[in-house]
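Colleague: What follows is a single structure, and I will ask about it in a moment.
The values are calculated or read from the model by the stated rules, or taken from the named source; none is laboratory data. As the structure is a prediction and not an experimental result, all values here were calculated from the model. Here Cβ is always computed from backbone atoms with ideal geometry, including for glycine, and neighbour counts include all displayed protein chains.
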Amino acid sequence: AINDDRISVGVPYFNRMTMPIGLTLLFLMAIAPVLPWRKASGELLRHRLIWPAWIGVGSMIFAVVIGARGFAPVLAFGLGGFAAGSAGRQVVLATRRQGWRGLVGRANGGMIVHLGVVMIAVAFAASSSYVRQAEFTLTQGQSAQFAGHELVYVGQNIKQESAKIVDQVLITIDGTGPWAPSLNKFANGNQTIGTPSVRTTFTDDVALSVIDIKDGENGSVTIRVTVQPLIMWLWIGGGVMALGTLLAVFPGRRRNPLDAVSAPVAAEPPKDPTGVTV
């Protein structure tokens, strides 16, 4: 703006800027729920954060054990566990005091929203940091191993539709399927458009797309395989956020200002004039 210059930024820039912002937000989400309204002593914060902190450390260790690598994503998993432990602590305390009513109200519903945000943050860190992609050329009946999955090319299926010819490639993934990525050839042009096929599980998404199909008796196909972990948890986290928002709409239990704040003191038994208790 000062020099009247223009610059363009792309995906790497936004990825580089998103990570520190996300880590900072996770840290603040871990600290904020345990802060009192007025003054917080170090001893109070230490008491409230000790178990969430241990959950964060355990999350980092678990992530490394199952194969997570890289400082930023492992730190994101740790801070995610830290934030989830902090929000979960508040929810547990509220439900102990109020039963199921501990889940409703702005404060408690907000903690459910926090848990949903943590799910999304951890899933985003995993899916963007550990995406794997490869291309394979297979003949019918041939298999390939990639990222812990077995892919088998079982055949083709050609469908004639009103405006296009759909050439499907049938692939099984770990014995499930077949999944059918395709090439679509339109009658009114020479353009060919691919349609991917995705298998979704709680652990990862396996996306298949067709690069090329060779004609002939022993024709081969070239496919691209993309594996991204924890994609489903982006949607689950969004659902948890929606649930927390719904719970926050309902009013929580409030103390009646006319209610006594402590148990009444028992009256002393009367005494007779001689001083003896009746």
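Colleague: May I ask you to list the residues in segment 109-142 that are within 12 Å of the chain's Cα centre (by Cα) and either among the aromatic types (Phe, Trp, Tyr) or part of a loop (DSSP other than H, G, I, E, B) (or both)?
Modeller: Matches in segment 109-142: Phe124 only.
Colleague: Does segment 53-101 hold any residues that are at positive phi and not in a helix (DSSP H, G or I), and which are they?
Modeller: Within segment 53-101, Gly67, Gly70 qualify.
Colleague: Would you be able to tell me the number of residues in segment 152-179 that are under 32 Å from the mean Cα position of the chain (by Cα) and surrounded by fewer than 18 Cβ atoms within 10 Å (Cβ to Cβ)?
Modeller: 6
Colleague: Next question. Are there any pairs with C-beta distances below 7 angstrom linking a residue in segment 86-110 that is closer than 28 Å to Gly58 by Cα to a residue that is polar (S, T, N, Q), with the two at least 6 apart or on different chains, and if so which?
Modeller: Cβ pairs passing all conditions: Val91/Asn108; Ala94/Asn108; Gly102/Thr95; Gly102/Asn108; Leu103/Thr95; Gly109/Thr245.
Colleague: Provide a single number: the residues in segment 129-164 that are in contact with a Phe, Trp or Tyr (Cβ under 8 Å, 6 or more places away or on another chain) and either hydroxyl-bearing (Ser, Thr, Tyr) or over 17 Å from Ala207 (Cβ atoms) (or both).
Modeller: The initial filter retains those residues of segment 129-164 that are in contact with a Phe, Trp or Tyr (Cβ under 8 Å, 6 or more places away or on another chain), namely 132, 134, 136, 138-144, 146, 151, 163-164.
Narrowing the set further to residues that are either hydroxyl-bearing (Ser, Thr, Tyr) or over 17 Å from Ala207 (Cβ atoms) (or both) leaves 139-143, 163-164.
Summing the residues that are in contact with a Phe, Trp or Tyr (Cβ under 8 Å, 6 or more places away or on another chain) and either hydroxyl-bearing (Ser, Thr, Tyr) or over 17 Å from Ala207 (Cβ atoms) (or both) in segment 129-164 gives 7.
Colleague: Run down Ala84, Ala68 and say which single residue is outside the structural domain of Gly148 (by TED's automatic domain parsing), within 13 Å of Val118 (Cα to Cα) and crowded, with 17+ Cβ neighbours inside 10 Å. Reasoning before the result, please.
Modeller: Details: Ala68 fails: within 13 Å of Val118 (Cα to Cα).
Among Ala84, Ala68, only Ala84 is outside the structural domain of Gly148 (by TED's automatic domain parsing), within 13 Å of Val118 (Cα to Cα) and crowded, with 17+ Cβ neighbours inside 10 Å.
Colleague: If we scan segment 194-212, do we find a residue that is within 15 Å of Tyr130 (Cα to Cα) and small (Gly, Ala, Ser)? Working first, answer last.
Modeller: At the first step, the residues of segment 194-212 found to be within 15 Å of Tyr130 (Cα to Cα) are 203-207.
Filter once more, keeping what is small (Gly, Ala, Ser): 207.
The answer is yes; a qualifying residue exists.
Colleague: Another question, if that's okay. Being more than 22 Å from His47 (Cα to Cα), hydrophobic (A, V, I, L, M, F, W, C) and touching a Pro at 6+ places or on another chain (Cβ under 8 Å) narrows it down to one residue among Val117, Val64, Val104; which is it? Steps first, answer last, please.
Modeller: Values: Val117 fails: touching a Pro at 6+ places or on another chain (Cβ under 8 Å); Val64 fails: touching a Pro at 6+ places or on another chain (Cβ under 8 Å).
It is Val104.
Colleague: Filtering segment 218-234 down to residues that are hydroxyl-bearing (Ser, Thr, Tyr) and more than 16 Å from Asp174 (Cα to Cα), which residue is nearest to the chain's Cα centre (by Cα)?
Modeller: Step one: of segment 218-234, the residues hydroxyl-bearing (Ser, Thr, Tyr) are 220, 222, 226.
With more than 16 Å from Asp174 (Cα to Cα) added as a condition, the list becomes 220, 222.
On the way: Ser220: 38, Thr222: 32 Å.
Per the criteria, the residue is Thr222.
Colleague: Go through segment 180-217 residue by residue and tally those that are of a type outside the set (A, V, I, L, M, F, W, C) and more than 33 Å from the chain's Cα centre (by Cα). First the steps, then the outcome.
Modeller: First, the residues of segment 180-217 that are of a type outside the set (A, V, I, L, M, F, W, C): 181-182, 184-185, 188-192, 194-197, 199-201, 203-205, 209, 212, 214-217.
From what's left, more than 33 Å from the chain's Cα centre (by Cα): 184-185, 188-192, 212, 214-217.
Summing the residues that are of a type outside the set (A, V, I, L, M, F, W, C) and more than 33 Å from the chain's Cα centre (by Cα) in segment 180-217 gives 12.
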